[in-house]
Amino acid sequence: MGPHPCGVDPQRPIRVVIADDEPLMLKLLQHTIDGMPGLELVGAAEDAEGAIRLVELHQPDVALIDVRMPGGGLRAARVIASRSDTRVVALSAISDQTSVTSMLHAGAVGYLVKGGSIDEILDAIVSAAAGEPIRVPSAVGRPAAPTSRAAASS
């Protein structure tokens, strides 16, 4: 297997945590990330508390967070963004402006609408990890900050 088409280096994988309360979506994401050279799934959660714990434990590059899950995707994004350098990408079936704006203000670097392709999700993970804007058709977002949040808050 070669590198991901986006240029991910399989020798230095992007570490990812996923959180979604829909079992089918969680399994799909797990299977997809596990099978992709250059990505390493370090944890999967079904709720906000689990996502926060996994990020604190593993310090992944990217956390893919469901917006509407138990404990609140908004809360998870806010806590993760404030306590780590992990870049949060929101994932939701809802694309109303209030949800998008709330997640971006909470610290997400992008917002993907469920129903897009798996390649869009993978591209968003790679872009977020690289600190680049997420440029996929089902995404709404802002560019990830080039400096760490920890350095910015000191």
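Taking the Cβ of GLN30 as the center, what net charge do the other residues with Cβ under 13 Å away carry, scoring Lys and Arg +1 and Asp and Glu -1?
Computed value for this residue: -4.
Within 12 Å, Cβ to Cβ, of ALA93, how many net charges do the neighbouring residues add up to if Lys/Arg are +1 and Asp/Glu are -1?
-3
As an exercise, use a Förster radius of 22 Å and the Cβ-Cβ distance of ILE118 and ASP96 to find the FRET efficiency, rounded to the nearest 0.05. It would help to have the intermediate numbers written out before the result.
Working: r = 24 Å, r/R0 = 1.08.
Efficiency computed from Cβ-Cβ geometry: 0.40.
Stretching ALA130 away from GLU56 to a fully extended chain increases their span by 24.6 nm, per 0.36 nm per residue minus the current alpha-carbon distance.
If you add up the charges near VAL67, with Lys and Arg at +1 and Asp and Glu at -1, over every other residue whose beta carbon is less than 11 angstrom from its beta carbon, what do you get?
Working: positive: ARG68, ARG75, LYS114; negative: ASP20, ASP21, ASP66, ASP96.
Every neighbour counted, the sum reads -1.
Per-residue Cβ neighbour counts within 10 Å put SER82, SER127, SER95, SER102 in the sequence SER82, SER95, SER102, SER127, beginning with the fewest.
Computed from phi, the 3J(HN,Hα) profile of segment 85-92 under the Karplus parametrisation 6.51, -1.76, 1.60 (θ = phi - 60°) reads 8, 4, 8, 8, 10, 7, 9, 7 Hz, with x in place of Gly and Pro.
Rule-based calculations on the coordinates, nothing more; no lab input. The model shown is predicted, which means the values in this text are computed figures rather than measured ones. Note that we place each Cβ from the backbone using ideal geometry, even for glycine, and neighbour counts take in every protein chain shown.
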